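Notes follow once the structure below has been shown.
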Amino acid sequence: MENSDKGDFLLVIENLSKAKAFYIQGKRFAQCADRSMGEITQNGSIKIVGGKYNMLSAPLMVNTAFACEVFLKGILIAHGVDYKKLLQQKKGHGLKALYDLLPKEEYKEFLRVLDEDTFDEKLEAHANDFVNWRYYMENPGEYRIEPRFTWILMHNLEILLEEILTLIEE
């Protein structure tokens, strides 16, 4: 093995380790989002376990958006894509900006299956949910609440990152 090959190999191992850490952390926030989402009842409404709330909307939106962000960054890390330039542009939490950096068109196509006709519009509308919903009380009613879009996106990103990590390890 040549020195450049060894360097590439070490970079892949480092990226894999870091991407796995992002995957695990993303799963933790996804679990919080799932708990905030509650259960879908027979009449289609959502009820939090115990029945005290219909849904924990702000925690749901924050945890879902953050899990999406962490999974997206994990995918980028696994491919050696530098997303940190977005931090300098104050777009580090932006789901649309991270999505645009995905290195393979097939990843974007997989995610677009969620809602092919309105995916771009919804992704743009929810691009800054992590930042916006943390301080929702400062501007109530200003942001769209569509938890199913970001919740399904979150789970699709989780599946995608898990598959990428599995392929890298083989």
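A few remarks follow.
- Thr118 contributes about 40 Å² of solvent-accessible surface, heavy atoms of the protein only, 1.4 Å probe.
- In the context of the full protein assembly, Glu162 retains an accessible surface of approximately 90 Å², using a probe radius of 1.4 Å and ignoring ligands and nucleic acids.
- Ser36, Ser57, Ser17, ranked by accessible area, largest first (probe 1.4 Å): Ser17, Ser57, Ser36
- Extended-chain gain in nm, criterion 0.36 nm per residue less alpha-carbon gap, Asn139 and Thr41: 32.2 nm
- Once the C-beta distance of Val81 and Glu170 is scaled by a Förster radius of 25 Å, the resulting FRET efficiency is 0.75 to the nearest 0.05.
- Segment Phe110-Gln31, length gained on full extension (0.36 nm per residue, minus Cα span): 26.2 nm
- Multiplying the residue separation of Glu14 and Lys96 by 0.36 nm and subtracting their alpha-carbon distance yields 26.9 nm.
- Note on Glu121: accessible area approximately 100 square angstrom, rounded to 10, probe 1.4 Å, nucleic acids and ligands left out.
The values are calculated or read from the model by the stated rules, or taken from the named source; none is laboratory data. Since we're looking at a predicted model, the values are computed, not measured. Because the Cβ atoms are built from the backbone with ideal geometry, glycine has one as well, and the counts that use them run over all protein chains shown. Accessible surface is based on the protein model in full, side chains and every heavy atom, while ligands, DNA and RNA are left aside. Shrake-Rupley method; radii C 1.70, N 1.55, O 1.52, S 1.80 Å.
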